[in-house]
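Please read the structure below before turning to the comments.
The values are calculated or read from the model by the stated rules, or taken from the named source; none is laboratory data. All figures in this text were calculated on a predicted structure; none of them were measured in a lab. FYI the Cβ positions are ideal-geometry reconstructions off the backbone, even for glycines, and counts take in every protein chain you see. Side chains included, ligands, DNA and RNA excluded: accessible areas come from the protein's heavy atoms. Shrake-Rupley method; radii C 1.70, N 1.55, O 1.52, S 1.80 Å.
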Amino acid sequence: MPRIFIDGQPFDARTEQTVLQVADEHGIFIPRLCWHPQLSVAGNCRICVVQVEGRSWVEISCNMPVSEGLKVLTDSELVRAHRKATMQFLTLNHPVDCGICDKAGECTLQDYHVAFNGEPSISAEPKVASTKFYALSERITLDNERCILCTRCVRFTREVSKSHALGVQERGDHSVIRPAGGSAKKLDDDPYSDNIVDLCPVGALLSRSFLHRDRVWYLKATPSVCPGCERGCAIDIWHRKPEWLLRSPTPGAQRENRAIARVTPLGAQHGDRPGDVPSPHSAEAYATASPPLPWICNKGRDLAGLLERPRSTAAMKKGREVPLAEAVAAARELIGRARRPVALISSWASNEELLTFQRTLAPRFTCFVKSDHPPAADETVQDDLLIRADKNPNAHRAREFFGHAALTFPPDTDLVLVWGEGFDFATAPRGVPVIFLNAYFAPENGHADVFFAISVMTERAGHYTNFEGTVRAFLPCFAKPAGVADAEQVFEALAALAAAGARSDEAAMVTP
Ligand code: FES
């Protein structure tokens, strides 16, 4: 273990580390633009310079190996002068259009300008103009005037997603990021392409779905879990801060207040800027999670399309809206009469909900775990990076609770409880009453004997356990709509009524 000295403080380093990594590990901030912990070292931005004591020049710390007795200074006069000059150089042709840039508020270049330069450009030459909106893909636009050619995006497609979709064309101040062409995949066909938007330290690569939609300072990141497959990646769901909710009563404004603005990997916006720490409101998520993965797939970015489908917002009896208590009473009566009830368990239910069902109603039912969401026709089914074939976030835990048996209705089934989506009602035994719990609008809701409108994961807290056994927490982003209940609430209410019924009318309660 070589001992090195950073700004006079001794640190034991590992031989494979660089000076920048040792500094990071011990909370000493060295700026970086092209370096990223998950990518190879490019060493092209030169902002990470440090001075080795006794030398009259600076060197980049992201590619400086440690050696016994090495003494570096991260904030000497020489280092400060070089950082300032580097910032002048990096912003030489930058349009300084932060007022209309989506990255404003979380732009590393903007923050470094304030921290390490703070002066207008000293160049008297006109700036080199370049393409402002270059459609790199259906999902991503590129502003070449803001690009500092750090090549994080190029390295990501080569080293992580392996699409090799991007490259650098031309030379000098005419250099631009462009599709690689040839035999390389198109960025449109890269299921991880949106990660380059997070990786971009400036406002050059922008999500077209988020473009000019919101300012980041109006948004709050709530830690959550991607429900797109059994990997259950740790994510941040971005939505309006409570203090910036729109007050207009128009449906558009109210929709905006409950909208998912964007989805990013948990903590993806942190690490490049001085004072960066994991977001404070994600403490609970970090406490229960293994270190969050730095990437997510594009399906995770598109969660709004999945979670913001039209909702069901009232309990029903045979398609007629009724108060929740009346629906509970009707369901209890069905359960009480049934001798061979079958329950189909949601693989989108949280660990807490599964536990509540197991504790309350499961002893009365024959339980099968169902797949709420099969793979969609146009999605990547499985790969060797993140994407898993099972498109349900908690299938692993649900099967631990309720077994792996394939669904077969016993011949004498006399009640079916369906929890969540994904069940083909045409396969249910004919004439058997159905209790259905679903969050979304569906024609089957009105056909059920008793229907409960339940909450979605962005309206409650809970945990998912992924296929590797990693437990991750999700927190609520929005309040539940009126008329919607948590599944746990429904099960508790059914169990309480059933218990009361059992005391007064033993004969009515049949336990399989
Ligand atoms: Fe070291 Fe860019 S971070 S050269």
Matching residues, the stretch 384-402, being modelled with pLDDT of 95 or more and farther than 17 Å from Pro227 by Cα:
Glu400, Phe401, Phe402
Among the listed residues Val19, Val41, Val52, identify the single one that is within 16 Å of the ligand (Cβ to nearest atom) and over 34 Å from the mean Cα position of the chain (by Cα).
Val52
Only one of (1) surrounded by fewer than 21 Cβ atoms within 10 Å (Cβ to Cβ); (2) under 33 Å from the mean Cα position of the chain (by Cα); (3) closer than 17 Å to Pro341 by Cα does not apply to Trp419, and that is (1)
Which of the residues belonging to the stretch 141-165 are under 24 Å from Lys127 (Cβ atoms) and either part of a helix (DSSP H, G or I) or touching a strand residue (DSSP E or B) at 6+ places or on another chain (Cβ under 8 Å) (or both)?
Thr141, Leu142, Asp143, Asn144, Cys147, Leu149, Thr151, Arg152, Cys153, Val154
Across the stretch 77-116, the tally of residues that are over 34 Å from the mean Cα position of the chain (by Cα), over 21 Å from Asp173 (Cα atoms) and away from the ligand (no atom under 15 Å from the Cβ) stands at 4
Write out, first by first residue and then by second, each pair whose Cβ atoms fall under 7 Å of each other, whose residues are 6+ apart or on separate chains, and whose first residue, in the stretch 374-399, is more than 16 Å from Leu303 (Cα to Cα) while the second is β-branched (Val, Ile, Thr) and open to solvent by less than 40 Å² (accessible area, probe 1.4 Å).
Asn394/Thr465; Ala395/Val369; His396/Thr465; Arg397/Thr465; Ala398/Ile345; Ala398/Val369; Arg399/Val369
What strands (runs of 3 or more DSSP E) completely inside the stretch 378-478 contain at least 1 residues that are farther than 30 Å from Arg255 by Cα and out of contact with any helix residue (DSSP H, G or I) (no Cβ under 6 Å at 6 or more places or on another chain)?
415-419, 434-438
Some residue of the stretch 57-76 being more than 16 Å from the ligand (Cβ to nearest atom), surrounded by 13 or more Cβ atoms within 10 Å (Cβ to Cβ), of a type outside the set (A, V, I, L, M) and not in a loop (DSSP other than H, G, I, E, B):
yes
